[in-house]
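The values are calculated or read from the model by the stated rules, or taken from the named source; none is laboratory data. Here the structure is a predicted model, which means the values were calculated and not measured. Note that each Cβ is placed from the backbone with ideal geometry, even for glycine, and that neighbours are counted across all protein chains shown. Calculation scope for accessible area: heavy atoms of the full protein, side chains included, ligands and nucleic acids excluded. Shrake-Rupley method; radii C 1.70, N 1.55, O 1.52, S 1.80 Å.
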Amino acid sequence: MRLQNAFRSFGSLNENVLVGSRRPDSPYRRLKVLLAAEPARPLCLLAVGTKRSSHILDANLSGPLADGDGERIQELVKQFEKPRRAFTVEYSESLLDSPNPWLVWLGLAKLQKHDAVTARHFRKVIEDRPTAETSQLFEAMLDLAFGNGPCHADFMPELEALLGLPEKQLVILHELKPYIEINPDDAANTMDLPRFRNWLLAYKGRIAGQDGVADVREVIDQLLAWYASRGARSES
């Protein structure tokens, strides 16, 4: 998986494709849905072209952009103007501290290019960034951990640290559950499943009787049931 920015990509528009195209992958179709949802609101997209781009139709469109993204993108453009050699591992790590989400994802992508991205990097970013971004960040972390990916080596301790974040643990559990259910063999290779089960049991005991954590207990029970039926077999 190649890390991209945190915004939806529409792909490239094609002057030979009718605007009303019914193709499921048509950028026009996705744009039409957005425009229909809020017809009176301007739609701002980012067009990113290559060095050989000659007009807007060569660009890849991302968006829609939120209020304030204009200034953030200007910061991103300034980064793109730097020579490639400027993006050392240390400099790429420094981008993870930026309040600008575009620069954070750029830092992660550059670290991946150096084969230096780790689960620790994602844990730090998930801790620092708003909860609304947790799902996408953790999904990227999972993709780079499963199957002996670059985030595999330190995945378990960083996962446990993330699950200790009360405001984000439910989002993380909801992302993790389908991964291990659909890919039990990969889960066994990526995770220390007995250690994970013990963490779930200990945490379930810790929150017993607490208010406002029913959803967390429900997902924990589902994961423990999965381990009882499939997880233990996946280890053998």
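Could you check how many residues of region 149-164 are aliphatic (A, V, I, L, M) and open to solvent by 10 Å² or more (accessible area, probe 1.4 Å)? Write out each step before concluding.
So in region 149-164, the residues aliphatic (A, V, I, L, M) come out as 153, 156, 159, 161-163.
Those left that are additionally open to solvent by 10 Å² or more (accessible area, probe 1.4 Å): 153, 156, 161.
Matching residues across region 149-164 total 3.
Could we say that Leu137 is out of contact with any strand residue (DSSP E or B) (no Cβ under 6 Å at 6 or more places or on another chain) and surrounded by 15 or more Cβ atoms within 10 Å (Cβ to Cβ) here?
Details: out of contact with any strand residue (DSSP E or B) (no Cβ under 6 Å at 6 or more places or on another chain): yes; surrounded by 15 or more Cβ atoms within 10 Å (Cβ to Cβ): yes.
Judged against the criteria, Leu137 is a match.
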Q: Among the residues of region 106-122, write down those that are under 19 Å from Met156 (Cβ atoms) and either part of a helix (DSSP H, G or I) or open to solvent by 10 Å² or more (accessible area, probe 1.4 Å) (or both).
A: Thr118, Ala119, Arg120, His121, Phe122
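If a residue must be within 18 Å of Ala161 (Cα to Cα) and in contact (Cβ under 8 Å) with a residue 24 or more places away in the chain, how many such residues does region 188-212 contain? Quick ask: steps written out before the conclusion?
Taking region 188-212 first, the residues within 18 Å of Ala161 (Cα to Cα) are 190-207.
Then drop every residue that is not in contact (Cβ under 8 Å) with a residue 24 or more places away in the chain, which leaves 190-197, 199-200, 203.
Total satisfying the criteria: 11.
Got a sec? Which helices (runs of 4 or more DSSP H) wholly within region 130-197 have at least 2 residues that are within 20 Å of Ala109 (Cβ to Cβ) and touching a Cys at 6+ places or on another chain (Cβ under 9 Å)? Walk me through it before giving the result.
On the way: elements: 134-143, 155-163, 169-182, 184-190.
Correct list: 134-143.
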Q. Condition test on Val125, is it outside any helix (DSSP H, G or I) and crowded, with 16+ Cβ neighbours inside 10 Å?
A. no
